[in-house]
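Here is the structure we will look at.
The values are calculated or read from the model by the stated rules, or taken from the named source; none is laboratory data. This is a predicted model, so every value here is computed, not measured. Quick reminder, even Gly has a Cβ in these numbers, built from the backbone with ideal geometry, and neighbours come from all protein chains shown.
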């Protein structure tokens, strides 16, 4: 089974690399040799349809960007879909018949933008460097951290967090000056490159789950797993600590470990061999930067020849509910995660945000089926109180475990 799976993964990766190279976009006014980082940033964002150039084939990196345009690219970065219909906004200068209304509404709903006053947004004004940095810091769920730093000006904490997170690599921030398209692209790309954002592609079974799984199994076959690696997301200290809610004294790296530890107990009782990436809450995964830390998490699973990898995280960004991520749909991980997501929603009673695909490092670097659970939003009070409670943590753990058993039992009597 593992040899067959390895062949499937290898063929798929070769095809994926070919596809990405084939469809890469370029602009006539950006030179890859003389402007390598700008080229890399714009190429990634345009390829993933987050921003675009002009009809004449240029990007015009030195042009400024309006607050409405900034809202659009931030909305696209967080999974905006064309059928989204925004609720009423408080801003009198953002009429519903304008192209940018739904983008602003989406970003406003996610709490990554606000107005220049309670009643005005100023959509056609150029966004400044500090304004755009604040938007991206909020988009990656670090507003609490920025606010906690204080400083002489409202933007001081945001700039400090952005610098700590590597968002300003290749950019010279000029406070109170109009930000350029090129610098905005670099800042946003740094958020993706450092794995603070991911490309979201929403997917879900439209037909009854059992029928879809049955059809899928006929094509690919059952996947068996006995050795499971549980990854409690983020480090306790140092590099790659998680999101937080200071008002409730909630820290992602602590909550994820509590859930992971409870899941370990349940899975071991069910007869599985379990390996933890963080054996104790205070443990840290080593690495010189966030990317290396994430790769090392996947490396633990690969080195131990695990059959399944489960990463547990807590969301941020103003939403609510629980969701599960895999790298690609119609894979073993996707089939398993559909059962897990259903059981999680049933056990917790939280809003079911579905199964989605993205390119998180811990999902792309693992050599076995892997899925990542975002167990509620730390910056939503009702979610946070639930995931901080012992009962809530056990319900999440039981939901994951039940989903695995439901997957096994979907075959004749399990195995």
From the options 145, 160, 81, 130, residue that is in contact with a strand residue (DSSP E or B) (Cβ under 9 Å, 6 or more places away or on another chain) and part of a helix (DSSP H, G or I): 145
Enumeration of residues in region 148-163 that are farther than 18 Å from residue 128 by Cα and touching a residue at least 12 places away in the same chain (Cβ under 8 Å): 148, 149
Yes/no for residue 188 being assigned to a loop (DSSP other than H, G, I, E, B) and within 20 Å of the chain's Cα centre (by Cα): no
Any hit, region 87-94, residues being more than 19 Å from the chain's Cα centre (by Cα), buried (at least 20 other Cβ atoms within 10 Å of the Cβ) and closer than 28 Å to residue 157 by Cβ: yes
Restricting region 302-350 to residues that are at pLDDT below 90 and over 19 Å from the mean Cα position of the chain (by Cα), the residue that is surrounded by the fewest Cβ atoms within 10 Å (Cβ to Cβ): 330
Matching residues, region 351-362, being free of Cβ contacts under 8 Å to residues at least 40 places away in the same chain and either surrounded by 20 or more Cβ atoms within 10 Å (Cβ to Cβ) or in contact with a strand residue (DSSP E or B) (Cβ under 6 Å, 6 or more places away or on another chain) (or both): 353
Flag for residue 397 being crowded, with 22+ Cβ neighbours inside 10 Å and either assigned by TED's automatic domain parsing to the domain that holds residue 246 or under 18 Å from residue 254 (Cβ atoms) (or both): yes
Lone unmet requirement of (1) free of Cβ contacts under 8 Å to residues at least 60 places away in the same chain; (2) crowded, with 22+ Cβ neighbours inside 10 Å for residue 77: (1)
Selection within region 87-133 - closer than 16 Å to residue 243 by Cα and touching a helix residue (DSSP H, G or I) at 6+ places or on another chain (Cβ under 7 Å): 111, 112
Residues satisfying the stated conditions in region 351-383, i.e. more than 18 Å from residue 109 (Cβ to Cβ), under 19 Å from the mean Cα position of the chain (by Cα) and part of a loop (DSSP other than H, G, I, E, B): 358, 359, 360, 365, 366, 369
